[in-house]
Amino acid sequence: MKAIQYIEKGCPEIVELPIPQPGEGQVLVKISGVATCPQWDIHIMDGIPMVPGGKVEYPYTLGQPGHEAAGKVVELGRGVTEFAAGDRVAFWQDQAGATQGCYAEYVVAEVGNLLKVPRFLEPQEIASLELAMCVQVSFDQIQNVAPIQGKRFAVSGLGPAGLVAIQLAKAHGASEVIAFDPVESRRQLGAELGADRVLDPTDRDASPYDRFSPEAIDLAIDCAGFPVSIEYLMGKTKDVVALFGVLREDVRFGFKHWCRGLHLVGYGAHNRGAAETALDQIVSGKLKLKPLISKTLPLESYAEGVALLQNREAIKVCFIP
């Protein structure tokens with residue numbers, strides 16, 4: 001079978017391997033589509049750890065960092081009763097970096113990492129279920145503090161996660177969704193996916209919201225991970241700002257936030273319940289993942305796909321092995 005492996009920084013290659021065999025509690029999945037996780041792919045291409053304090057070693061684990069994938073069960077390991085050969089499945093969580101990743105024709109999966117998905121969903125419509133789960137985790141964090149129904153909700157950073165967040169805010173009953181991003185094409189896509197207003201945060205005259213005014217935002221999620229983006233939302237939000245983007249620097253939380261009761265919430269734990277909620281939204285049509293796929297390419301064109309991400313010419317790329 002074919003698989004991607006980073007031999008060294010900046011050098012992903014196609015390698016040929018035997019098809020792996022599933023063990024106890026595992027199934028063999030034939031991958032039908034695997035989507036990029038842009039930050040992760042770009043970091044590994046550039047030799048930079050994805051999270052603060054991490055380390056990148058080459059050759060990188062086979063098939064990694066591919067983890068947003070869908071496919072078909074083709075073989076069962078010992079003791080597996082949850083699935084049958086022919087079931088369509090998607091990964092709801094990453095199998096971790098020490099295990100072969102999904103940039104490959106086949107991958108062995110722990111049954112606990114998969115959800116059955118309807119046959120009518122194309123790979124581009126379901127491969128990024130894991131991303132949708134991750135964003136839903138942040139929505140659960142918000143709802144631990146305040147309900148979303150009927151609230152004015154803001155999203156900052158319209159990469160893949162932010163575009164998912166717009167749709168989930170609508171699905172959870174937000175009365176108005178305001179989206180912020182400096183890139184016009186991403187603001188346009190945000191509007192197409194349901195944002196009521198899309199604004200350039202660098203244009204001070206375009207954004208009337210202030211947390212001390214009647215037009216203040218009630219709830220918000222930051223999907224950029226930069227202090228400037230988070231502090232921008234903190235200045236416009238009354239109740240809760242959730243931090244989804246990977247935070248690599250400190251954020252200033254001061255008296256003006258403390259005295260008005262602003263909640264700043266971090267990320268929670270990946271969990272199957274959030275994945276099932278996200279899957280329900282996808283199946284119902286309230287969450288559309290296909291518009292996030294800017295390009296579909298064969299696995300052999302992996303380096304070309306990452307270049308599109310690096311040059312901001314794509315939101316996500318889906319590879320078909």
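Counting alpha carbon pairs within less than 8 Å and at least 6 residues apart, what relative contact order, in whole percent, applies to region 131-265? Before the final figure, lay out the partial values.
Working: 276 pairs, mean separation 30.9, N = 135.
Taking the mean separation of contacting Cα pairs over the length of region 131-265, I get 23 percent.
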>> With +1 assigned to the C-beta of every Lys and Arg and -1 to the C-beta of every Asp and Glu, and no other charges, what is the dipole magnitude of region 1-113 about the Cα centre in debye, to the nearest 20?
In response: 120
>> With Kirkwood's inverse mean 1/r over C-alpha pairs for Rh, give me the Rg to Rh ratio of region 1-108, two decimals please.
In response: 0.99
> Considering only the other residues whose Cβ falls under 9 Å of the Cβ of Leu289, what net charge follows from Lys and Arg at +1 and Asp and Glu at -1?
Replying inline: +2
>> I want the local charge near Glu130. Using Cβ-Cβ distances under 11 Å, sum +1 for each Lys or Arg and -1 for each Asp or Glu among the other residues.
In response: -2
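Counting alpha carbon pairs within less than 8 Å and at least 6 residues apart, what relative contact order, in whole percent, applies to region 275-321? Write down the numbers at each step before the final one.
Values: 43 pairs, mean separation 18.0, N = 47.
Across region 275-321, relative contact order equals 38 percent.
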> Given (1) 24.5; (2) 17.6; (3) 15.9, which label gives mean projected area of the Cα convex hull in nm² as computed from the coordinates?
Replying inline: (3)
> Antiparallel DSSP bridges in the chain: what percent, to the nearest 5?
Replying inline: 55
> Projected area of region 131-265, taken from the Cα convex hull and averaged over every viewing direction, in nm²?
Replying inline: 7.3
> Of the peptides 244-252, 162-170, how do they stack up when ordered by the mean number of other Cβ atoms within 10 Å, highest first?
Replying inline: 162-170, 244-252
> On a 0 to 90 degree scale, rounded to 10, what angle separates helix 272-284 from the longest Cα axis of the chain?
Replying inline: 90
>> If a paramagnetic tag sat 7 Å from the Cα of Arg119 along the Cα-Cβ line, which residues of region 61-91 would have the backbone N under 15 Å from that point?
In response: 71-74, 84-89
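Net charge near Leu115, counting Lys/Arg +1 and Asp/Glu -1 over other residues with Cβ under 15 Å of its Cβ? Walk me through the numbers on the way to the answer.
Details: positive: Lys72, Arg88, Lys116, Arg119, Arg272; negative: Glu68, Glu82, Asp87, Asp94, Glu110, Glu125, Glu130, Glu276, Asp280.
Every neighbour counted, the sum reads -4.
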> Which stretch or stretches of region 2-33 have amide N atoms under 15 Å from the point lying 7 Å from Arg78's Cα along the Cα→Cβ direction?
Replying inline: 21-27
>> I'd like the GluC sites (Glu not before Pro) in region 1-98 restricted to DSSP loop residues with at most 12 other Cβ atoms within 10 Å, sorted by number.
In response: Glu24, Glu57
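Would you mind checking the pairs Lys116/Lys295; Lys55/Lys288; Lys116/Lys236; Lys256/Lys286 and listing those with alpha carbons more than 30 angstrom apart? Can you show the working numbers first?
Details: Lys116/Lys295 25 Å; Lys55/Lys288 34 Å; Lys116/Lys236 40 Å; Lys256/Lys286 37 Å.
Exceeds cut-off: Lys55/Lys288; Lys116/Lys236; Lys256/Lys286.
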>> Explain nothing, just the number: relative contact order of the chain, from Cα pairs under 8 Å at least 6 residues apart, as a whole percent.
In response: 18
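We did not get these values from a lab; they are worked out from the coordinates using the rules stated. For clarity, every value in this text was computed on a predicted model and none was experimentally measured. Ideal geometry is used to build each Cβ from the backbone, glycine not excepted, and the neighbour counts take in all protein chains shown.
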